[in-house]
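One structure, as structure tokens, below. Some questions next.
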Amino acid sequence: MSTYAIGDIQGCFNSLRQLLHNIDFSQQRDQLWLLGDLVNRGPNNLDTLRFAKSLGDAAVVVLGNHDLHLLAIAAGVKKANKKDTLDDILSAPDRDELLMWLRQQKLLHYSKKLRTVAVHAGIPPVWSLKTARHLAMEVEVALRSYNYEGFLKHMYGNTPATWRSNLKGDDRLRLITNYFTRMRFCDRNGKLELSTKTGPAQPPMGFAPWFSHPNPGMADARIVFGHWAALDGNTGTQGAIGLDTGCVWGNKLTALCLESGEHFSVGC
């Protein structure tokens, strides 16, 4: 059995199929960790979502910002953007079934055996693994609840920007979600800067890539994540491994075998 973590697919289903063929993936034998942004901006979002759902226990999915955006549009609390390519899902006969499945997925997955954490964007330096797991569950509970539309309606926004344990309500859930699904740059106290989307060599003043800050609470686990295509997978640290290699932008789709550390990629 092998476990493969795969970066942002974003509807590039043909590239995913080629990558799985190249690594000889078997649903009966292996497991995929899909690191969020399964959909949007690419051409085959419906096929991608149906395939991920069909994998059952052979797949672990953590949600990304584009996956949550799909849920918000479907719930009628957000209008689609001009660059969105989600109509194939929104008009599908199995739309409701797929969206219900998507709402059941995680924001964080941890394997003690592999000593590895999967998230979409990252974990701020002010959270331990224990804290991150508990906070992820808060958002997961909100997303699975009968009032999930209320969570999605108030999900958008860049404030508050700094974590405080006494945050409550929509502000608390919004910030947790932003850390897990949108973060690139922050300061050592966890203050987010969400406007800059450049590579790590051009940080906004006073900020740095989240993974460059010491985090003793995550010392016993490596983090695999997506979201940041400008990294092209390069973080400069063994404790955080970026796997968004910009497939939807014409670069490549990448998988990491968590047991061997070997990378596999296909062009897009």
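Taking the condition of being polar (S, T, N, Q) and at pLDDT below 95, how many residues in region 234-264 meet it?
Start the filter on region 234-264 by keeping residues that are polar (S, T, N, Q), which leaves 234-235, 237-238, 245, 251, 254, 260.
Going one step further and asking which of them are at pLDDT below 95, we end up with 234-235, 237-238.
Total meeting the criteria: 4.
Matching residues to (1) surrounded by 15 or more Cβ atoms within 10 Å (Cβ to Cβ); (2) hydrophobic (A, V, I, L, M, F, W, C); (3) assigned to a loop (DSSP other than H, G, I, E, B):
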| position | (1), (2), (3) |
| --- | --- |
| Ile73 | yes, yes, no |
| Gly76 | no, no, yes |
| Ala80 | yes, yes, yes |
| Thr85 | yes, no, yes |
| Ile89 | yes, yes, no |
| Ala92 | yes, yes, yes |
| Leu99 | yes, yes, no |
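To continue, here is another question. Go through region 106-139 and give me each residue that's in a helix (DSSP H, G or I) and touching a helix residue (DSSP H, G or I) at 6+ places or on another chain (Cβ under 9 Å).
Taking region 106-139 as the starting set, the residues that turn out to be in a helix (DSSP H, G or I) are 129-139.
Scanning region 106-139 gives Leu129, Lys130, Thr131, Ala132, Leu135, Ala136, Glu138, Val139.
Being in contact (Cβ under 8 Å) with a residue 12 or more places away in the chain, under 24 Å from Gly239 (Cβ atoms) and not aliphatic (A, V, I, L, M) is the requirement here; does Arg133 meet it?
Numbers: in contact (Cβ under 8 Å) with a residue 12 or more places away in the chain: yes; under 24 Å from Gly239 (Cβ atoms): yes; not aliphatic (A, V, I, L, M): yes.
It is true that Arg133 is in contact (Cβ under 8 Å) with a residue 12 or more places away in the chain, under 24 Å from Gly239 (Cβ atoms) and not aliphatic (A, V, I, L, M).
Mind listing whichever residues of region 236-256 are farther than 27 Å from Asp84 by Cα, touching a strand residue (DSSP E or B) at 6+ places or on another chain (Cβ under 6 Å) and either surrounded by 19 or more Cβ atoms within 10 Å (Cβ to Cβ) or without any contact (Cβ under 8 Å) to a residue 24 or more places away in the chain (or both)? Let's see the steps before the verdict.
Just the residues of region 236-256 that are farther than 27 Å from Asp84 by Cα, to begin with: 236-241, 256.
Remaining after also requiring touching a strand residue (DSSP E or B) at 6+ places or on another chain (Cβ under 6 Å): 239-241, 256.
Answer for region 236-256, where residues must be farther than 27 Å from Asp84 by Cα, touching a strand residue (DSSP E or B) at 6+ places or on another chain (Cβ under 6 Å) and either surrounded by 19 or more Cβ atoms within 10 Å (Cβ to Cβ) or without any contact (Cβ under 8 Å) to a residue 24 or more places away in the chain (or both): Ala240, Ile241, Leu256.
Sticking with this structure for a sec: Go through region 208-235 residue by residue and tally those that are surrounded by fewer than 22 Cβ atoms within 10 Å (Cβ to Cβ), among the β-branched types (Val, Ile, Thr) and either in contact with a Lys or Arg (Cβ under 7 Å, 6 or more places away or on another chain) or in contact (Cβ under 8 Å) with a residue 40 or more places away in the chain (or both).
0
To keep it simple, each residue is scored yes or no on (1) in contact with a Cys (Cβ under 8 Å, 6 or more places away or on another chain); (2) of a type in the set (Lys, Arg); (3) over 16 Å from Asp37 (Cβ atoms).
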position	(1), (2), (3)
Asp84	no, no, no
Pro93	no, no, yes
Tyr110	no, no, yes
Leu114	no, no, yes
His120	no, no, no
Pro125	yes, no, yes
Ser128	no, no, yes
Tyr148	no, no, yes
Lys153	no, yes, yes
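Going by what's in this entry, would Ala201 be described as in a helix (DSSP H, G or I), without any contact (Cβ under 8 Å) to a residue 60 or more places away in the chain and not charged (D, E, K, R)?
Details: in a helix (DSSP H, G or I): no; without any contact (Cβ under 8 Å) to a residue 60 or more places away in the chain: yes; not charged (D, E, K, R): yes.
Answer is no for this residue.
State which residue pairs qualify: first residue of a type in the set (Gly, Ala, Ser) and inside region 84-113, second residue surrounded by 18 or more Cβ atoms within 10 Å (Cβ to Cβ) in any location, beta carbons under 6 Å apart, and separation of 6 or more residues or different chains.
Between residues of region 84-113 that are of a type in the set (Gly, Ala, Ser) and residues that are surrounded by 18 or more Cβ atoms within 10 Å (Cβ to Cβ), the close pairs are Ala92/Leu46.
Take the residues in region 1-46 that are farther than 14 Å from Leu253 by Cα and among the basic types (Lys, Arg); name whichever of them is surrounded by the fewest Cβ atoms within 10 Å (Cβ to Cβ).
Arg29
What number of residues within region 146-193 are buried (at least 17 other Cβ atoms within 10 Å of the Cβ), assigned to a helix (DSSP H, G or I), touching a residue at least 24 places away in the same chain (Cβ under 8 Å) and of a type in the set (Lys, Arg)?
Final tally of qualifying residues: 1.
Then there is this: Please find, within region 135-145, the residue that is farthest from Asn215 (Cα to Cα) out of those that are surrounded by 13 or more Cβ atoms within 10 Å (Cβ to Cβ) and of a type outside the set (A, V, I, L, M, F, W, C).
It comes out as Arg144.
In region 209-268, which residues are touching a Gly at 6+ places or on another chain (Cβ under 6 Å), among the charged types (D, E, K, R) and assigned to a loop (DSSP other than H, G, I, E, B)?
Answer for region 209-268, where residues must be touching a Gly at 6+ places or on another chain (Cβ under 6 Å), among the charged types (D, E, K, R) and assigned to a loop (DSSP other than H, G, I, E, B): just Asp244.
The values are calculated or read from the model by the stated rules, or taken from the named source; none is laboratory data. Treat the numbers as computed from the prediction; the structure is a model and nothing was measured. Ideal geometry is used to build each Cβ from the backbone, glycine not excepted, and the neighbour counts take in all protein chains shown.
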